[in-house]
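Inspection log for the structure reproduced underneath, given as structure tokens.
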Amino acid sequence: MNKTLLALSVSALALAGIAQASPELSIGAGVYNFDGGRNVDNDVVGKIGLGFDIPDSPFGVEGSYFSSSAETPANQSFDLDAFQLDGIYNLSRMGQWSPYLAAGVGELSTDTASSQDSDRFLNFGGGTRYSLSDALDLRADLRAIRTDETDQNDLMATLSLVFGLGAAPAMVKAEMDSDGDGVLDSADFCPGTPAGAGVDGSGCALDEDADGVADYQDDCLGTGPGLRVDASGCPVMQSEVVSFNLDVEFETDSARIRSGFTADIESLADFMDTYPNTEVMLGGHTDSVGSDAYNLNLSQTRADAVKRALIVRGVQADRITAQGFGEARPISDNQTAEGREQNRRVVASVTAVKNAEMMK
């Protein structure tokens, strides 16, 4: 190999190294059509090449050697050897077919019984590749070859197998962690987490109690499952109004609590114990039998009787107001025995606010 060929080979390898390209080896054979001025019969040609397919680019580079042993019409031997360096432009890499264009330079040597010559040449052409597997292609190639000094125009058609030799070592690119959470940007599904926030392997903020609020924003860590929380991760409190109604009836001209209403009074005492901020107003009433003044006093006595029953059951006296209304507020007809019975009563209504945490 002369100095020109060596320079071509070195240039190809240097270019491939700079580009960090993927190497591939091609081995094939075909037909070499000699220019008529050579007075040589067409013959078989063998070809071997080393190429580099540049990643993320349609370009590639290839250095190759081809050889043919032909004869002249006078049965004299005519040997041809050539080295070339080509640039490849891939028109498409979609699917199994990959057409391309190629052009390059080289040096061609001929050897006959009477002489040995060497000449530079240009070549151009193209072809296509068909993918047989991830590491093997079938390649058809056609080149027009124009020599420099002898002005010969040859034509070469070859069919080759192309073997992928594996990707060249890629340049190491420093990866970044833009938000400083310890997860590289390439693996970070939640970029921009604030500094100091605990994150998982995907770079997303931790939410240990699974309430939908990241730990670094959660003012109430450890809330139980199913709780509805606000933006700060604390349980949402819902107000619910609850009430208790009391209606105690009495015998005619009596302030003694009838035994059938004892359980109702105990239930009211329990309600007020459950809601210690509540207060109750007991209203005493009578039927229309008797004077207004007498009935007003009797209604007050009835209200006081229920108050004492609540105090006995643990309700503080200052939470109870007892007031008599006499016969002024009937709820039924005083002209009937049944109506008068309903009017002889002590009534109470208590309302409280209940906070419910479990809001799902």
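Here are the numbers:
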quantity	calculated
Estimated FRET transfer efficiency when R0 is 22 angstrom, pair Ser267-Ala337 (beta carbons, to 0.05)	0.20
Proxy reagent accessibility, fewest Cβ within 10 Å first, across Thr110, Thr321	Thr321, Thr110
Cβ-based exposure ranking for Arg302, Arg38, Arg344, in which fewest neighbours within 10 Å come first	Arg38, Arg344, Arg302
Per-selection Kirkwood Rh - the range 239-356 (Cα, Å, 1 d.p.)	14.5
Sequence of Val40, Val289, Val306 once ranked by neighbouring C-beta atoms within 10 Å, starting from the fewest	Val289, Val40, Val306
Karplus 3J(HN,Hα) series, Hz, for the range 67-79 with 6.51 cos²θ - 1.76 cosθ + 1.60 (x for Gly, Pro)	8, 9, 10, 9, 9, 7, x, 8, 6, 9, 5, 9, 9
Linear extension gain, Val236 paired with Asp200, 0.36 nm per residue minus alpha-carbon span	10.2 nm
Placed amide H near Phe78: partners under 5 Å, 5+ positions off or other chain	Ala70, Glu71, Thr72
From phi via Karplus (6.51, -1.76, 1.60), per-residue ³J(HN,Hα) for the range 338-351 in Hz, x at Gly/Pro	5, x, 4, 4, 5, 7, 7, 7, 10, 10, 8, 9, 10, 10
Highest-fluctuation residue, Phe261, Phe124, Phe83 considered, GNM on the chain with Cα pairs under 10 Å	Phe261
Using distinct alpha-carbon pairs, which all enter the 1/r mean, Kirkwood radius of the range 3-164 in Å	16.3
Alpha-carbon Rg/Rh ratio, for the chain, with Rh computed the Kirkwood way	1.71
From phi via Karplus (6.51, -1.76, 1.60), per-residue ³J(HN,Hα) for the range 322-336 in Hz, x at Gly/Pro	10, 9, x, 10, x, 9, 6, 10, x, 10, 8, 6, 6, 7, 10
The range 239-356 - charge dipole about Cα centre, Lys and Arg +1 at Cβ, Asp and Glu -1, debye rounded to 20	240
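Throughout, read-outs are computed from the coordinates displayed, never taken from laboratory work. Keep in mind it's a predicted model, so treat the numbers as computed, not measured. Quick reminder, even Gly has a Cβ in these numbers, built from the backbone with ideal geometry, and neighbours come from all protein chains shown.
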